[in-house]
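First comes the structure, then the notes that go with it.
The values are calculated or read from the model by the stated rules, or taken from the named source; none is laboratory data. Model, not experiment: these values are computed from the prediction. Here the Cβ positions follow ideal geometry from the backbone for every residue, glycine too, while neighbour counts run over all protein chains shown. What goes into the accessible areas is simple: the full protein's heavy atoms, side chains included, and nothing from ligands, DNA or RNA. Shrake-Rupley method; radii C 1.70, N 1.55, O 1.52, S 1.80 Å.
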Amino acid sequence: MAEFAYVAVDESGKQKKGTIEANNVDQARASLKGQGLTPISVDVPGALNKEISINIGGKVKSSDLALFCKQFESILHAGVTVIQALQMLEDQAENKKLHEALTEVRTLVEKGDTLAGAMSTRDDVFPKILIHMVEAGEASGSLETSLNRMSVHFEKDSKIKNMVTQAMIYPVVLLVVIVAVVIIMLVKVVPSFQETFDSAGGQLPAITLAVVAMSNFLIQKWPIFVGVVFVLVVGIRTFMKTESGAQFFGRLIIKLPVFGDMVIKQACARLARTMSTLLASGIPMVGAIEIVAKIMTNRIVQVVVEDAKEEVERGVPLSQPLEQSGVFPPLLCHMTQIGEETGNLEEMLEKVADYYDEEVERATQAVSAIMEPLIIILMACLVVPIMLAIMAPMMSIYSMAENA
């Protein structure tokens, strides 16, 4: 049996954290439900796969919103009024930004504003999809159902984000280590051998001369090196904020082998899940597509969804512009078309979202499996030449000494 770390809420809506032993995640969730707890997240604990949750005043994450919706639903189900529920949620909120937003929302609701209207004043905390779902729930008298759907939505969205983040942690850490090792070797190791090279005389190998030149440049003209790196970073970030830059890097990312596949599958899962949730709550198709476009992180995907919105406004089925874009895989387009033809689009999209959730998990595992050997090869390509540059003249010196 393995140990799983969990975050759950009890029947009163209070958050509980801890660990539980089970054979797998599904069994752990079942055990928690048997204890009267509603699991929010169940993961294998570990230094590299834990979600960093130091949220004193930072951005409100999907996991925070999932917990907020689950607690809100549980409290309302117990018969507590909306104002009292907001007060309880405000007291329990660990994230400072969420706490402040709930205070403002409660004050507006006390003055007679609707919950959705009050939440819309803090759209920096509460995303539009949540605001629209709350509005639909208030209008239909099914606020608890809307909150339940949103808790599931944010929980799955958080899971996908965490999987992608975890897949990138190891390669990023290794890249940082590689850069640090190369700089230390050039700044500390190579100069320590340079006096030996000079005293030995003779012509140094070309690779040694190149490495020594790089070492001297870093030591003597490091401000220039730092300045060039700074200008490049600022220039790239500035370019990425432009429309052409966002599209350039968006297109570059989705064309990368393996990694691009993961990005597209993540976009498919988010699109299908969000559309299904919104349509099931009575949000109009055009409004739902508009919301989906705003939560797409890749600019190329975002443009495709924006164009699809314009086509749908003209009466074209959603599946057609998605298929014609060439960005989304055929499965998403075909399932969307079947849903439109059968009048069961919400259910079809939900099934597609579940499928792509699993595909994202497989894709992240593939990325991790490929990136590890690639990073090691990169390390060898950078470190081995430096070692050869040091060893080549040393071997010559030893040979000369033996011959003498």
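Observations
- Residue satisfying condition, being more than 27 Å from Pro393 (Cβ to Cβ) and of a type in the set (Phe, Trp, Tyr), within set Phe193, Phe225, Phe217, Phe249: Phe249
- Screening Phe249 against (1) at pLDDT 90 or above; (2) within 17 Å of the chain's Cα centre (by Cα); (3) of a type outside the set (Val, Ile, Thr); (4) closer than 22 Å to Ser158 by Cα leaves a single unmet condition, (4).
- Checking each residue in region 166-179 for being in contact with an Asp or Glu (Cβ under 9 Å, 6 or more places away or on another chain) and without any contact (Cβ under 8 Å) to a residue 12 or more places away in the chain picks out no residue at all.
- Pairing each residue of region 230-244 that is surrounded by 10 or more Cβ atoms within 10 Å (Cβ to Cβ) with any residue that is in a helix (DSSP H, G or I), provided the two are 6+ apart or on different chains, yields C-beta distances under 7 Å for Phe239/Gly245; Met240/Ala246; Met240/Phe249.
- Flag if Met168 is under 22 Å from Ile376 (Cα atoms), in a helix (DSSP H, G or I) and touching a helix residue (DSSP H, G or I) at 6+ places or on another chain (Cβ under 7 Å): no
- Count of residues meeting criterion [surrounded by fewer than 18 Cβ atoms within 10 Å (Cβ to Cβ), of a type in the set (A, V, I, L, M, F, W, C) and closer than 15 Å to Leu331 by Cα] in region 341-370: 0
- Boolean, Asp26 is modelled with pLDDT under 85, charged (D, E, K, R) and surrounded by 16 or more Cβ atoms within 10 Å (Cβ to Cβ): no
- Within region 8-22, considering residues that are exposed (fewer than 14 other Cβ atoms within 10 Å of the Cβ) and more than 12 Å from Ser74 (Cβ to Cβ), the one modelled with the highest pLDDT: Thr19
- Looking only at residues of region 251-293 that are assigned to a loop (DSSP other than H, G, I, E, B) and of a type outside the set (A, V, I, L, M, F, W, C), we find that the one that is farthest from Lys351 (Cα to Cα) is Pro257.
- Hey, Val303 part of a helix (DSSP H, G or I) and either in contact with a helix residue (DSSP H, G or I) (Cβ under 6 Å, 6 or more places away or on another chain) or at pLDDT 90 or above (or both) or not: yes
- Complete set of residues in region 124-143 that are surrounded by fewer than 18 Cβ atoms within 10 Å (Cβ to Cβ) and aliphatic (A, V, I, L, M): Ala139
- Residues within region 94-109 that are in a helix (DSSP H, G or I) and either more than 24 Å from Ile295 (Cβ to Cβ) or open to solvent by 50 Å² or more (accessible area, probe 1.4 Å) (or both), tallied: 10
- Selected residue (criterion: least open to solvent (accessible area, probe 1.4 Å)) from residues of region 308-333 that are out of contact with any Leu (no Cβ under 6 Å at 6 or more places or on another chain) and not in a helix (DSSP H, G or I): Leu318
The rows are residues; the columns are (1) open to solvent by less than 20 Å² (accessible area, probe 1.4 Å); (2) at pLDDT 85 or above; (3) among the small types (Gly, Ala, Ser); (4) touching a Cys at 6+ places or on another chain (Cβ under 9 Å).
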site: Lys111; (1), (2), (3), (4): no, yes, no, no
site: Leu115; (1), (2), (3), (4): yes, yes, no, no
site: Arg122; (1), (2), (3), (4): no, yes, no, no
site: Thr145; (1), (2), (3), (4): no, yes, no, no
site: His153; (1), (2), (3), (4): yes, no, no, yes
site: Lys159; (1), (2), (3), (4): no, no, no, no
site: Met163; (1), (2), (3), (4): no, no, no, no
